[in-house]
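Reviewing the structure listed below.
Taken together, the values in this text are just the output of simple stated rules run on the coordinates, not laboratory data. What you are looking at is a predicted structure, and each value in this text was computed from that prediction instead of being measured. Glycine gets a Cβ as well: all are built from the backbone with ideal geometry, and neighbour counts include every protein chain shown.
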Amino acid sequence: MKIYDVVPGLEFDPERDFEQSPAWFLDGTHSIPPWTPMFGWFWINFCRHGMQYGAEKLSLPTVKGWDWRFMKGGGYLTLLLVKSQEEKQRREERFRKAILPFIEDYEGLWGGFIKEILERYEHLKALKLDEATNIELLDNFEETINTCRRMWEIHMYMMYGTYTAYILFENMCRELAGIDDTSPTFHRLVSGFDNKVFQVDRRLWQFSKRAEEEGLVDVFLQNEPANISAALATSEKGQAFLKDFMDFMNEDGWRMQRMSEINLPTWVEDPTPALSNVKQFLMKGGGFNLDEERGKVAKEREAAEKEVLDKVPQEQKGWFEQLMRLAQKSGIFSEEHDHYLDLYTHAMMRRSALGLGDRFVKEGTIDDREDIFFLIPDEVRRAGINPDQFDLRYIVERRKAEWEEWQKTPNPPAMLKEGFDMDQAMGVLVQSNDPIALKVVVGAMPEVRPELKADLYGTCGSPGVAEGTARVIMTEDELHLVEEGDILVAATTSPSWTPIFSMIKGVIVDRGASLSHAAIVGREYGIPVVMNVFEGTQKIKSGQRVKVDANLGTVYIQD
Amino acid sequence: MADKWIFWFNELRSEHNDMVGKKCANLGEMVHLGMRVPPGFAISVDGYERFMETTGAGEEIRAYVLKNKEGLKNAVGKQIEASRFIRSVIQSKEMPDDMKLELWKHYEKLCEQVVCPNVPVAIRSSGAISMPGQMETYLNVCGKKDLVTKVIQVWGSAFTTRAIAFRLENNMELDKAPIGVAVLKMINAKCAGVTLTVLPTTGDLSKTVVEGNWGLGESVVSGEITPDSFIVDKESGKTETTINKKTKMVVYKASGIRIAKVPAELQEKPCLNKEELEEIVRIAKDVEAHFDMPQDMEWVFDSDLTFPENLYWVQTRPAKYTQKKEKQDEYLAELMTRIFKM
């Protein structure tokens with residue numbers, strides 16, 4: 001019998017798709033390594049929907065969101081540009097009004113969405129999976145699909161609006177105060193705020209303090225992360241600690257080590273990664289104080305605010321300050337949305353799919369609960385109510401074999417029509433004025449300054465200078481290799497990497513812009529980040545001594 | 001040094017700020033906008049420098065500053081002493097004859113123009129950069145001799161204690177003062193006041209506020225009395241009028257100004273009639289539209305002339321006000337729209 005495409009209707013088809021657009025970019029941040037079929041189905045369908053929804057709701061004058069295709073576990077994207085001048089004008093008229101909610105009451109807007117989506121999660125979690133009927137499980141799965149769809153609507157509407165404000169602030173800083181988003185002063189302006197991700201981080205740090213107080217330090221230091229949980233369970237104090245820790249996991253542990261995938265356990269299922277973070281705090285020793293570190297960054301921000309406001313003419317100060325407050329929320333949103341939107345929804349997808357997976361295994365539909373990630377929703381529906389009637393193992397088998405193949409050869413960074421090169425393709429991205437493309441994907445191009453004699457040139461993502469041992473990390477699985485005082489070298493980073501930022505002294509990333517993860521988190525931890533060096537992971541080897549000067553955007557390899 | 005150092009206001013525009021100072025450049029700009037300003041002329045910064053160099057005053061001041069510079073920092077007593085010394089140096093100098101002749105030539109022409117021999121003028125400082133304590137003004141100056149004396153005194157006012165302290169604090173050169181002078185015909189004020197094309201307390205841009213009193217505008221500007229107030233809706237013209245009891249006003253005396261009692265029959269009478277108010281609002285709206293920014297303006301009605309030729313403007317500048325949040329929001333939305341056009 002025929003096995004369907006992983007994402008029916010949205011598989012990459014060179015013949016047709018190059019007619020639509022000559023350049024399709026791989027979403028390297030999210031789809032390396034290649035996705036499981038089920039996750040790919042969700043992402044391609046709904047991230048695509050969300051971007052077009054967000055661009056349309058805001059009526060962005062120049063861009064209608066992005067189109068996405070699926071190819072061998074990779075997500076490929078291209079921009080949907082507004083074609084005629086007349087249409088641009090019409091959209092511009094509507095945009096002026098559509099953007100107002102962001103300006104008038106940003107917190108109300110974002111807070112409302114958080115409430116809405118958390119209610120959806122609570123409803124999904126209310127179903128006891130092992131006691132539910134097949135119909136209830138299938139309903140839960142359908143509701144999860146709708147939640148994911150809604151999540152992406154909120155995600156992209158918010159992101160487009162937020163980043164538009166951020167770009168304006170950047171422009172105005174350049175115009176009125178002579179600083180741009182690669183300047184250290186600019187970065188101080190947008191750092192030092194609390195957000196949900198840091199609150200989780202702080203809770204982990206507080207648990208490390210509690211471990212110290214209750215004499216549990218050795219349990220952490222003498223055990224591998226995977227064994228800490230079992231070791232804690234051997235003492236009374238340890239049990240109490242573990243109970244509170246699992247309560248905290250049930251609240252805030254709805255995330256997986258990899259943000260954009262569902263085939264790894266959530267912290268609720270397996271708290272090892274979270275306990276490992278606690279261990280890392282303990283290894284830093286008693287002197288480390290997360291709140292103090294963060295307080296310093298906030299102080300520096302206040303000084304930078306004063307410095308910049310002093311340069312702005314009196315009659316422009318009113319709106320400039322309002323804009324600054326708005327732009328400062330971009331950083332908060334950038335981190336926080338990962339927690340409330342992507343991570344949480346993906347954890348819900350995993351939970352709901354595994355509920356059906358268990359049932360399917362019981363009825364012999366598939367062999368392993370996680371095999372369900374090799375099915376797509378239509379196939380899940382086929383067996384949903386009467387799993388005993390269907391054997392879907394042949395689909396799983398073939399898809400899994402394909403998926404294993406995808407892992408072996410990396411997907412190309414872009415699919416380009418013959419005669420079209422990468423520079424032209426980047427040009428289209430810049431022309432689109434798409435706020436997300438500009439601030440997350442492309443970023444500023446580094447300036448090569450031979451007089452500095454650096455080995456690599458990048459842009460400043462977070463100011464500062466640091467020296468240390470390079471640690472090249474390509475995937476989340478390797479994060480445990482990072483040691484105190486290292487300089488992290490990566491292609492890009494994602495939210496699950498956040499906790500290691502408290503250990504490292506600096507970051508070098510191949511690609512990134514001022515609102516990409518490494519830059520935002522680097523600023524919050526007050527460590528230098530050099531971005532867009534392009535060849536960092538190729539030129540630098542783990543163990544080499546490196547010096548980063550983010551203020552100048554330079555990297556020196558000293559061995 | 002340029003040969004020409006006196007300019008009629010209609011020869012000036014706002015871009016001449018550095019040449020003649022802000023007040024004069026602004027008056028020039030107002031003339032070009034078709035606003036009636038008091039007839040008069042501007043003495044440029046060059047005029048001041050020419051005086052300082054040819055009389056040797058500049059050299060004496062430089063020498064003094066060089067000798068005392070360090071001691072002046074953070075020492076108010078020394079600053080007062082310096083101010084006294086420098087001003088006395090300037091005032092002790094005679095204006096060179098060629099400069100006197102040039103100044104008198106313009107003054108005579110002004111007298112002819114307004115058909116009034118020895119026409120009383122106001123002499124005001126016009127700094128190229130805003131600096132506190134440099135606001136010397138002499139009113140009701142009559143005749144050539146007094147004109148020369150008062151111009152020199154205005155130049156000296158560039159060295160008040162406050163001005164010296166300010167320059168020290170901001171690391172500016174002490175012996176330089178980019179100061180121009182405005183010489184304007186005195187208006188025999190029937191009534192005068194201010195106009196703001198925005199409600200300053202709320203930032204409401206749909207309203208214009210007019211406040212006025214009998215006599216010179218100084219009483220309204222200084223806030224010493226409660227003036228009549230008219231809040232006019234720019235679109236509909238609907239007016240909210242508050243007539244206050246005006247007991248005092250500012251008038252000229254032989255030299256300078258004094259506070260006088262308002263005659264009893266005028267105290268509770270509006271200082272503006274309907275057509276005068278409308279004329280003020282009409283022009284204020286035009287000027288605001290020209291600068292694309294709410295304006296803070298000063299006007300005066302001359303009792304010697306007939307309406308509408310009797311309405312003079314002496315000042316317009318960007319208004320300071322609390323911006324209304326909605327307006328600010330829309331402005332930000334507009335700026336955001338523009339980033340898609342880059």
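What to note about this one:
- Our compactness index for segment A:117-184, the C-alpha radius of gyration over the empirical 2.2 N^0.38 Å, is 1.92.
- Highest to lowest packing among A:498-506, A:241-249, A:448-456, scored as the average C-beta count within 10 Å: A:498-506, A:241-249, A:448-456
- Other protein chain Cβ atoms within 10 Å, averaged over every residue that makes up A:163-172: 3
- Kirkwood Rh and Cα Rg combined as Rg over Rh, evaluated for the protein assembly as shown: 1.11
- Peptide A:96-105 has a mean of 4 when you count, residue by residue, the C-beta atoms of other protein chains within 10 Å of its C-beta.
- The calculated FRET efficiency for the pair A:Tyr4 and A:Gln424, based on their C-beta separation and a Förster distance of 56 Å, comes to about 0.95.
- Diffusion coefficient (Stokes-Einstein, Kirkwood radius over C-alpha pairs, 10 °C, 1.306 mPa s) for segment A:358-401: 159 µm²/s, rounded to a whole number.
- Couplings 3J(HN,Hα) for segment A:14-30, derived from phi with the Karplus relation 6.51 cos²θ - 1.76 cosθ + 1.60 (θ = phi - 60°), are x, 4, 7, 6, 6, 5, 6, 8, x, 9, 10, 9, 6, 7, x, 4, 10 Hz, where x marks Gly and Pro.
- Sorting the segments B:84-92, B:224-232 by their mean number of nearby beta carbons within 10 angstrom, highest to lowest, gives B:224-232, B:84-92.
- Shielding score for B:325-331, defined as the mean number of other chain Cβ atoms within 10 Å: 5
- Alpha-carbon centroid distance for the pair segment B:153-183 / segment A:311-346, whole angstrom: 44 Å
- DSSP bridge orientation in chain A - percent antiparallel, rounded to nearest 5: 75 percent
- Both numbers refer to the Cα atoms of segment B:189-322; Rg and Dmax are 14.3, 44 Å.
- Charge context of A:Ile228, other residues only, Cβ under 13 angstrom, K/R +1, D/E -1: -2
- Pairs beyond 18 Å (Cα-Cα), from B:Lys246/B:Lys285; B:Lys22/B:Lys69; B:Lys207/B:Lys238; B:Lys245/B:Lys320; B:Lys234/B:Lys285: B:Lys246/B:Lys285; B:Lys22/B:Lys69; B:Lys245/B:Lys320
- Calculated SAXS-style log₁₀ I(q)/I(0) at q = 0.12 Å⁻¹ - chain B, Debye, Cα scatterers: -0.94
- Total formal charge among the other residues, if their Cβ is under 15 angstrom from that of A:Leu216, Lys/Arg +1 and Asp/Glu -1: -1
- Relative counts (whole %) of C-alpha pair distances in segment A:198-308, using bins that are 5 Å wide: 2, 11, 20, 21, 16, 11, 7, 5, 3, 2, 0, 0
- Across segment B:1-40, the volume of the C-alpha convex hull divided among the residues equals 58 Å³ per residue.
- Spin-label pair A:Ala230/B:Ser229, simplified geometry with 7 Å Cα→Cβ offset, distance in nm: 8.0 nm
- The label point for B:Lys100 and the one for A:Val217, both projected 7 Å from the Cα toward the Cβ, are 9.2 nm apart.
- Interchain or long-range residues, amide H under 5 Å from A:Ile179's placed H: A:Arg174
- Couplings for segment B:211-218, taken from phi via the Karplus curve 6.51 cos²θ - 1.76 cosθ + 1.60 with θ = phi - 60°, read 10, x, 9, 5, x, 6, x, 3 Hz in order; Gly and Pro are left as x.
- Karplus-derived HN-Hα couplings along segment A:404-415 (A = 6.51, B = -1.76, C = 1.60, θ = phi - 60°), whole Hz, x at Gly and Pro: 5, 4, 4, 5, 6, 10, x, 5, x, x, 8, 9
- Each 5 Å bin from 0 upward holds the following percent of the Cα-Cα pairs of segment A:443-557: 2, 15, 28, 29, 19, 6, 2, 0.
- Amide H contacts of A:Val472 (H built 1.01 Å from N, under 5 Å, at least 5 apart or other chain): A:Val489, A:Ser542, A:Gly543
- On the basis of the beta-carbon distance and an R0 of 41 Å, A:Asn263 and B:Tyr331 show a calculated FRET efficiency of 0.25.
- For segment A:265-423, Kirkwood radius (reciprocal of mean inverse C-alpha pair distance, Å): 21.7 Å
- Check: segment A:443-557 dipole with +1 on Lys, Arg Cβ and -1 on Asp, Glu Cβ, in debye: 260 debye
- Ellipticity at 222 nm from helices only: DSSP H runs of n ≥ 4 in chain B, each -39500 (n - 2.57), divided by the residue count, give -12500 deg cm²/dmol.
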